[in-house]
1. With a sphere of radius 12 Å drawn around the Cβ of Thr211, what net charge do the other residues whose Cβ falls strictly inside it have (Lys, Arg +1; Asp, Glu -1)?
2. Going by Cα centres, the range 78-154 and the range 208-234 are how many Å apart?
3. Quick one: which residues, 5+ away or cross-chain, put their amide H under 5 Å from the amide H of Arg106? H built at 1.01 Å from N.
4. Where the only charges are on Cβ atoms (+1 Lys, Arg; -1 Asp, Glu), what is the dipole of the chain about its Cα centre, to the nearest 20 debye?
5. What angle, in degrees between 0 and 90 and rounded to the nearest 10, separates the Cα long axis of helix 160-182 from the longest principal axis of the Cα atoms of the chain?
6. Rank Leu12, Leu23, Thr55 by how far each Cα sits towards the positive end of the charge dipole of the chain (+1 on Lys, Arg Cβ; -1 on Asp, Glu Cβ) and give me just the farthest.
7. Can you give the net charge of the other residues whose Cβ lies under 13 Å from the Cβ of Phe316, counting K and R as +1 and D and E as -1?
8. Just want to confirm a number: the relative contact order over the chain, from Cα pairs under 8 angstrom separated by 6+ residues, in percent.
Amino acid sequence: MLTKAAKKIFSLLIKVGVLVLALVYIYHQFIEKGDSLKRFQQLVNHISQQQVIITMSAIGLLMLVNWILESIKWKYLINRVQKISIWESIEAVFCGLTWAIFTPNRLGEYAGRVLFLPNRKRIHGVFAMAVGAFGQSVITNVLGACALMWYLYTYSHLNIYLYIWIFVSAILFMVFFLVLFFHIQWIVKLLDYIPYVKKYHRFFDIMGRYTKPELFKIIGFCMARFAVFSFQYYLVIHLLIPEMSVVKMMLMVLILFFVQSALPSLDLLDVGVRSATASVLFAHITTQALAVVAAVSSIWLINLIIPAILGSVFVFKLKFFDRNV
């Protein structure tokens, strides 16, 4: 057992370690992706300064709206485990973003959030957060699959029978995701059939406690967030390539989200994956590949790096040991 003094020292070392890792990754990524951001700056130099300021201010404001919506969703999710204030939820969400950027598939985001909870409720918090993440995944996959069907029909020129097979598979895929989310207690029952996992029922049981009205509200939060960051992409791409078709642009954005959700990566490597994917997709509707990459990079900076920097303020509020109920 660690002494009280040893716990404080160990806790401080973890916090400092998290901040150092986050700052190192941020610095490294700015060096790696500096060309894209410089390109963005060069592109906006040819646009009305007032238009650029208004658009980028709107995108920054939408970033705050996005993460505040996520904070409200987190408060709603975790209320079944622990009552928290909206400010405590905001602290947890932003702190989680600081942890997320240097961990695979943003797994650190779970740690950053649940460490704001009492010790004995942290594992419950992980499963409550998983419900919210699943809801966000449902929206991304369902809308992305719809957009992908349009893409394949328009640009792939597949054999009609192959396309029908893919189309039917996509419909089943979407239905499966929606049905499973609104019957998430099935996952709990499935886990109960696994001998080693069943003994931890008291932890994952939280997933089955959400009622259908509550799940509809959760999916509503997810849809609102999806609309916000989709609109961010519209604003920045329209700023750089105003002649691009809005419908085609947004369908490509939906596919970009869909592909990105399926690829394992680090948040700070996401921009490279997103840029490469966006270049391939948008090549069908524009020749301005550099503008597309610059747009994706700017959204990455605003939506992930700035919140991660803001979240570093809350890292020192974490208590790794003996948090009171």
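The values are calculated or read from the model by the stated rules, or taken from the named source; none is laboratory data. Because the structure is predicted, anything quoted here is derived from the model rather than measured. Note that each Cβ is placed from the backbone with ideal geometry, even for glycine, and that neighbours are counted across all protein chains shown. Heads up: the accessible areas ignore ligands, DNA and RNA and are worked out on the full protein's heavy atoms, side chains in. Shrake-Rupley method; radii C 1.70, N 1.55, O 1.52, S 1.80 Å.
1. Result for the neighbourhood of Thr211: +3.
2. Distance between centres, Cα-based: 12 Å.
3. The answer is Asp267.
4. 1420
5. Rounded to the nearest ten degrees, it is 30.
6. Leu12
7. Local charge sum for Phe316: +3.
8. Relative contact order, the chain: 32 percent.
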